[in-house]
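Worksheet: the structure to be examined is printed underneath.
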Amino acid sequence: MRRGDGSVFTVLCSGSLVTLEGRTYSLNSVQDISDRKRAEEWQQHYADILAQITAEAPLPRVLESLALFAERQSPGMLCSIHLVSPDGTMLLHASAPSLPEDFNRATDGVPIGPHVGSCGAAAATGEVVIVEDVLRHPDWEDWRAQAQAAGLRACWSHPVRSADGRMLGTFALYRREPSQPSATDLALIRQSAGLAALAIERAHHHEEQRLAKVVFEQSLQGLMVTDAAGDVLMVNASFEALTGYATSEVVGRDPEFLDAGVEEPVAIRARRSVL
């Protein structure tokens, strides 16, 4: 249903027939169930995002799902997600499916600083930054023209942090009229930022694993990995070329079989201290 102020809410309607003094009336009741409906939608959304993360869906797809859900939760809301650059000095555009491309380009590479718009300040301070009217706020001076062209007025930005406190990015919501976030809006931003952190951390972890694998496989040095018991888990191509043993001949064995028979006490102690 739509209220007099234009806001929309979800209701549960029930009706019954009542007979009074020979006349039949329809008695209808309306109950606001917006909070219950929102909680149900959030639980489904949470499960969907976790499923995407578990299935190793590309990070841009996961972040777009987060942004679109936030926009559906509050009609008229526009979402933007930025990631901290590798050098930690700026914010890079990651997802903003409903914002104009010109605005997205203008905010790609925003410096991180305490008085840099909403997102730059949120990433610098680690706090939620609420700007009721971007066309009047001094921190938005450098992007005022772009915001006006995009029809944006309010911006609320939440920092996205990793489990160990590292800054990963920002999650921001925009409105086309000057406004302050409600308690519901703040909860949505906080929860969405938490899910974004999970997705970003998982993506970074996989990228680190991929890079480590590339370094391992392409190293010119012969590399061998063993478990705590000393059995070989893997070797790289350079190791195969150096020793003449194929991976299948090495994995699961104790590296002692490679010993040329020169059992110097110093060498033995060195091997054992590594394991």
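So the values come out like this:
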quantity	calculated
Given (1) assigned to a helix (DSSP H, G or I); (2) in contact (Cβ under 8 Å) with a residue 24 or more places away in the chain; (3) out of contact with any helix residue (DSSP H, G or I) (no Cβ under 9 Å at 6 or more places or on another chain), index of the condition residue 40 fails	(2)
Scope the range 90-106; condition more than 20 Å from the chain's Cα centre (by Cα) and closer than 17 Å to residue 171 by Cβ; matching residues	103
Candidate set from the range 150-178 (those that are touching a Leu at 6+ places or on another chain (Cβ under 6 Å) and among the hydrophobic types (A, V, I, L, M, F, W, C)); member that is farthest from residue 81 (Cα to Cα)	156
Leading residue by the ranking (farthest from residue 76 (Cα to Cα)) among those in the range 1-12 that are without any contact (Cβ under 8 Å) to a residue 24 or more places away in the chain and surrounded by 10 or more Cβ atoms within 10 Å (Cβ to Cβ)	12
Residues located in the range 13-29, provided they are free of Cβ contacts under 8 Å to residues at least 12 places away in the same chain and within 25 Å of residue 41 (Cβ to Cβ)	none
Identity of the residue in the range 123-162, under 21 Å from residue 102 (Cβ atoms) and of a type in the set (Gly, Ala, Ser), that ends up surrounded by the most Cβ atoms within 10 Å (Cβ to Cβ)	157
Residue count, the range 65-93 (criterion: open to solvent by less than 30 Å² (accessible area, probe 1.4 Å), touching a residue at least 40 places away in the same chain (Cβ under 8 Å) and not polar (S, T, N, Q))	9
Test: residue 96 is within 19 Å of residue 166 (Cβ to Cβ) and of a type in the set (Gly, Ala, Ser)	no
Every residue from the range 16-49 that is over 18 Å from residue 73 (Cβ atoms) and either aliphatic (A, V, I, L, M) or surrounded by 10 or more Cβ atoms within 10 Å (Cβ to Cβ) (or both)	17, 18, 20, 25, 27, 29, 30, 31
Hits in the range 50-61 - residues which are of a type outside the set (A, V, I, L, M, F, W, C), outside any loop (DSSP other than H, G, I, E, B) and open to solvent by less than 80 Å² (accessible area, probe 1.4 Å)	52
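Matching residues to (1) open to solvent by less than 70 Å² (accessible area, probe 1.4 Å); (2) at pLDDT 80 or above:
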residue	(1), (2)
197	yes, yes
209	no, no
236	yes, yes
254	no, yes
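The values are calculated or read from the model by the stated rules, or taken from the named source; none is laboratory data. Being a predicted model, the structure only gives us computed values, none of them experimental. All Cβ positions, even for glycine, are placed from backbone atoms using ideal geometry, and neighbour counts span all protein chains on display. Each accessible area value is taken on the protein alone, full model and side chains, heavy atoms only, with ligands, DNA and RNA left out. Shrake-Rupley method; radii C 1.70, N 1.55, O 1.52, S 1.80 Å.
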